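This report concerns only the one structure given below.
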Amino acid sequence: MKFGLYAVVNFFALEIAWFACVLGGASDRGLLGTMVAGAVIGLHLYLAQRPRSEVVLIVATALIGLAWDSVLVAFGLFSYPTGNFAPGFAPYWIVAMWAVFATSLNLSLSWLKGRWFLAALVGLVGGPRSYLAGERLGGVQMSDPVLALGAQAVGWAVLLPLLAYLATRLNGIDAKPPSNCRDLMQEAHSNV
């Protein structure tokens with residue numbers, strides 16, 4: 001599969017898994033969302049040229065995500081209605097979401113690699129917006145939304161460049177990504 005098409009498929013698979021995990025977590029069906037995430041990860045690893053590198057990136061991202069979200073839970077900024085396997089820890093379906101997010105780092109988000117300021121800016125805005133959307137869908141509650149989203153903004157402004165850097169070191173996708181989003185969309189369109 002050409003890089004552009006693979007990146008577009010990855011983007012939509014990530015969105016499907018995100019909704020499955022959040023809606024599953026909101027309705028006490030977190031395992032179903034986690035299974036969807038597992039299927040997306042399985043497909044990603046099947047298509048990856050060097051799946052071992054992608055597995056390391058996925059596990060590292062999931063552990064970083066577990067640590068970050070668990071800190072926010074432990075400080076009482078976030079709480080989750082279901083899927084909590086231990087007090088003070090983020091639920092298992094959030095960890096699955098972090099793992100699926102890792103599949104995008106060398107594909108649909110690969111344009112952030114080497115652009116650390118842009119990655120920080122995208123994290124600053126995109127991270128909290130994702131949690132706000134999750135809150136609106138019932139997957140998470142915030143004790144103080146301004147403080148909670150502010151913490152997510154700062155955290156994601158640090159974490160996204162870090163994860164993009166890890167993806168440059170752990171790239172299991174052979175193709176060289178297009179240099180910008182417009183080129184990525186043009187390549188994807190030419191493959192259809």
Yes or no: region 80-100 includes at least one residue that is under 12 Å from the mean Cα position of the chain (by Cα) and within 17 Å of Gly172 (Cα to Cα). yes
Does Leu147 satisfy the condition of being touching a residue at least 40 places away in the same chain (Cβ under 8 Å) and under 13 Å from Trp68 (Cα atoms)? no
Those residues that are touching a residue at least 40 places away in the same chain (Cβ under 8 Å), over 25 Å from Lys2 (Cα atoms) and in a loop (DSSP other than H, G, I, E, B), I need them from region 76-117; list them, please. Gly76, Leu77, Tyr80, Pro81, Thr82, Gly83, Pro91
Is region 25-36 home to any residue that is in a helix (DSSP H, G or I) and acidic (Asp, Glu)? no
From Ile58, Ile64, which residue is surrounded by 17 or more Cβ atoms within 10 Å (Cβ to Cβ) and closer than 26 Å to Val9 by Cβ? Ile58
Among what's in region 10-44 and is without any contact (Cβ under 8 Å) to a residue 60 or more places away in the chain and among the small types (Gly, Ala, Ser), pick the residue that is farthest from Arg129 (Cα to Cα). Gly42
For Ser70, indicate whether it is over 14 Å from the mean Cα position of the chain (by Cα) and small (Gly, Ala, Ser). yes
When residues of region 1-15 are limited to those that are more than 12 Å from the chain's Cα centre (by Cα) and assigned to a helix (DSSP H, G or I), the one surrounded by the most Cβ atoms within 10 Å (Cβ to Cβ): Ala7
For Thr61, are the conditions met, namely being at pLDDT 95 or above, in contact with a His (Cβ under 6 Å, 6 or more places away or on another chain) and under 21 Å from Gly155 (Cβ atoms)? no
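Hey, among the residues in region 43-55 that are under 15 Å from the mean Cα position of the chain (by Cα) and of a type outside the set (A, V, I, L, M), which one's surrounded by the fewest Cβ atoms within 10 Å (Cβ to Cβ)?
Ranking the candidates gives Glu54 first.
The values are calculated or read from the model by the stated rules, or taken from the named source; none is laboratory data. None of these values were measured; they are calculated from a predicted model. Positions of Cβ are generated from backbone atoms using ideal geometry, with glycine treated the same way; all protein chains shown enter the neighbour counts.
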